[in-house]
Amino acid sequence: MITVESVSKNFNGKPAVDHISFQANDQEILVLLGTSGCGKTTTLKMINRLIEADSGQILINGKNIRDQKIEQLRMNIGFVMQNSGLFPHYTVKQNIAVVPELLQWDRKKTEHRTTELLHKLHLSEELLSRFPSELSGGQQQRVGIARALIADAPILLMDEPFGALDNITKADIHTEFKSFEELKSKTIILVTHDVQEAFELGHKIGLMNHGKIIQMGTPKEMLYHPKNDFVRGFFAENRLLLEYKVTLLKDIHIDLTEEYEKFNFKEKTDVWSALQKLSADQKSIFQYEKIVNAFNEYRKMQAV
């Protein structure tokens, strides 16, 4: 567990991070979300002491990170940088082996672990002799993740890890990321400015602005229970798509059965007409269509 308690950081007398507090629980993906300059990357880098906090404290499993040697602290934290952060003059093999060399692993152990990760991340062993410039953006990002995971650290920090990728490649890596068993046992803090990415990957989201965390909560809480107008407005442009991401069939199961009993649905058009009669402040038009589609899926399930 990572605990951040009233942490601040100033640059040139101006607050970059202003007395923020939060917890990232074991096996949780916490996303720090916000526009450029809001303090999210500075917050991330203070956790592995790439940047030292001016005040407050950061605890990992109850131990203050200032009480540990920096080298020892970072041995237990994987770090994925923006644009993969690979060393351009190192081959893929050398990039992945950076941490094992620091840990003084023997060659066979490093090679075995490298091969294991390449397989899990859908990378060919033929890439090992190539340099980062010879790889696609998606391949570079996977290599960066392999380098961060090779020592199997319990904590993974990710700074805009998919920001440079095109939408198709990003979607593929998001799918792999969510299904990657090795990541499910880790505590992950991910920084992004991409709202959809935050909702797709995060168990919990911390929305930041001007160095402060405005609201911390699950994607559903952020969308349906915004703390103030800033939070509500931040998600407004993407709201319809975000509703699709956070609402599951099981979430509206009660709605479906209640509406069935109330209106005695027979056809899809009847469902739509009945739902249109409901108060607009209870369900949006977008949700009407979603419930209609889900209701028909529900009827099919009951008929099997």
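The values are calculated or read from the model by the stated rules, or taken from the named source; none is laboratory data. Note that the structure is a prediction, hence the values are computed from the model and not measured. Don't worry about glycine lacking a Cβ; one is built from the backbone with ideal geometry, like all the others, and counts go over all protein chains shown.
Scanning the range 12-54 for residues that are among the basic types (Lys, Arg) and at negative phi returns LYS14, LYS40, LYS45. Every condition in (1) among the basic types (Lys, Arg); (2) modelled with pLDDT under 95; (3) surrounded by 15 or more Cβ atoms within 10 Å (Cβ to Cβ) holds for LYS204 except the one numbered (2).
Being more than 19 Å from LEU183 (Cα to Cα) and free of Cβ contacts under 8 Å to residues at least 24 places away in the same chain is a property that GLN57 lacks. Does GLY206 fit the bill of being out of contact with any Leu (no Cβ under 8 Å at 6 or more places or on another chain) and either among the small types (Gly, Ala, Ser) or assigned by TED's automatic domain parsing to the domain that holds ALA164 (or both)? It is false that GLY206 is out of contact with any Leu (no Cβ under 8 Å at 6 or more places or on another chain) and either among the small types (Gly, Ala, Ser) or assigned by TED's automatic domain parsing to the domain that holds ALA164 (or both). Answer with yes or no whether PRO132 is surrounded by fewer than 21 Cβ atoms within 10 Å (Cβ to Cβ), closer than 27 Å to MET75 by Cβ and of a type outside the set (A, V, I, L, M, F, W, C). When the stated conditions are applied, PRO132 passes them. Restricting the first residue to the range 1-28 and requiring it to be of a type in the set (Lys, Arg), which pairs with a second residue that is surrounded by 13 or more Cβ atoms within 10 Å (Cβ to Cβ) and part of a strand (DSSP E or B) meet a Cβ separation below 6 Å and a spacing of at least six or different chains? Once the first residue is of a type in the set (Lys, Arg) and sits in the range 1-28, its partners that are surrounded by 13 or more Cβ atoms within 10 Å (Cβ to Cβ) and part of a strand (DSSP E or B) give LYS9/ALA16; LYS9/VAL17.
ILE70: at pLDDT 90 or above and surrounded by 17 or more Cβ atoms within 10 Å (Cβ to Cβ), yes or no? No: the conditions fail for ILE70. The residue that is farthest from VAL99 (Cα to Cα), counting only those in the range 153-180 that are charged (D, E, K, R) and touching a residue at least 24 places away in the same chain (Cβ under 8 Å), is ASP166. Residues in the range 1-29 that are within 16 Å of the chain's Cα centre (by Cα) and crowded, with 21+ Cβ neighbours inside 10 Å: ILE2, ALA24, ILE29. Taking LYS40 as the residue in question, decide whether it is under 21 Å from HIS203 (Cβ atoms), basic (Lys, Arg) and either crowded, with 17+ Cβ neighbours inside 10 Å or touching a strand residue (DSSP E or B) at 6+ places or on another chain (Cβ under 6 Å) (or both). Judged against the criteria, LYS40 is a match.
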